[in-house]
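Notes follow once the structure below has been shown.
The values are calculated or read from the model by the stated rules, or taken from the named source; none is laboratory data. It should be emphasised that the depicted structure is a prediction, and the values quoted were computed from it without experimental measurement. Virtual Cβ from ideal backbone geometry, glycine too; neighbours counted across all protein chains shown. Surface accessibility is based on the protein's heavy atoms, side chains included, excluding ligands, DNA and RNA. Shrake-Rupley method; radii C 1.70, N 1.55, O 1.52, S 1.80 Å.
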Amino acid sequence: MRVVVQRVSQASVTINNKIYNKISNGFLLLVGFEEGDGADEIKYLVHKISQLRVFSDSEGKMNLSIAQVQGEILSISQFTLYAALKKGNRPSFIAAQNPEEAKKNYEIFNKTLSQEGIVVREGVFGADMQVALTNDGPVTIIYDTDNLK
């Protein structure tokens, strides 16, 4: 499982020329699953993301979690995080989890995050989406559960 976490001052997702969801202060998450990902990877990353201390405290140090700043999450499914680029110029997505399983895992991931007391807004799994954001900092963190194995 891979998640790109971007600290944002605002983010939105547009579908069919209409804003579908938006947040102000918080995280934009790009979320991808590979074959074999499931409950263990979701549990691990929900914990890491919900506890990630990258928001400024009163002294200007990155020391606060998203819950401590009442931030929100905009979660976007992103199978292209598993693009294989070794051969040729056209990416292969063979490592990405099959859409049916990935959609189920994406829904579980978002629900589990929201159970941490964080407002989670979503895009639409598999939709053609336009994502806009203002990366605050910029702060971008990449989690990959393959690094745990």
Based on the Kirkwood radius over alpha-carbon pairs, what is the Stokes-Einstein translational diffusion coefficient of the chain at 25 °C with 0.890 mPa s viscosity, in µm²/s?
155 µm²/s
P(r) of the range 91-149 over all Cα-Cα pairs, binned every 5 Å from zero, in whole percent
4, 11, 14, 23, 28, 15, 5, 0
Using a Gaussian network model of the chain with C-alpha springs under 10 Å, which one of Ala67, Ala132, Ala102 is most mobile by mean-square fluctuation?
Ala132
At a 1.4 Å probe, what is the % contribution of carbon and sulfur to the accessible area of the chain?
49 percent
Result for the range 69-149: accessible area per residue, probe 1.4 angstrom, in square angstrom, of 64 Å²
Only helices counted: for the chain, with every DSSP H run of 4 or more residues adding -39500 (n - 2.57) and the sum spread over all residues, [θ] at 222 nm is -6500 deg cm²/dmol
Along the dipole axis of the range 1-51 (charges at Cβ: +1 for Lys and Arg, -1 for Asp and Glu; origin at the Cα centre), the most positive-end residue among Gln51, Asn17, Met1 is Asn17
To the nearest µm²/s, what D does Stokes-Einstein give for the range 15-70 at 37 °C and 0.692 mPa s, using the Kirkwood radius over alpha carbon pairs as Rh?
239 µm²/s
Per the Kirkwood formula over distinct C-alpha pairs, the hydrodynamic radius of the range 1-40 in angstrom is 11.9 Å
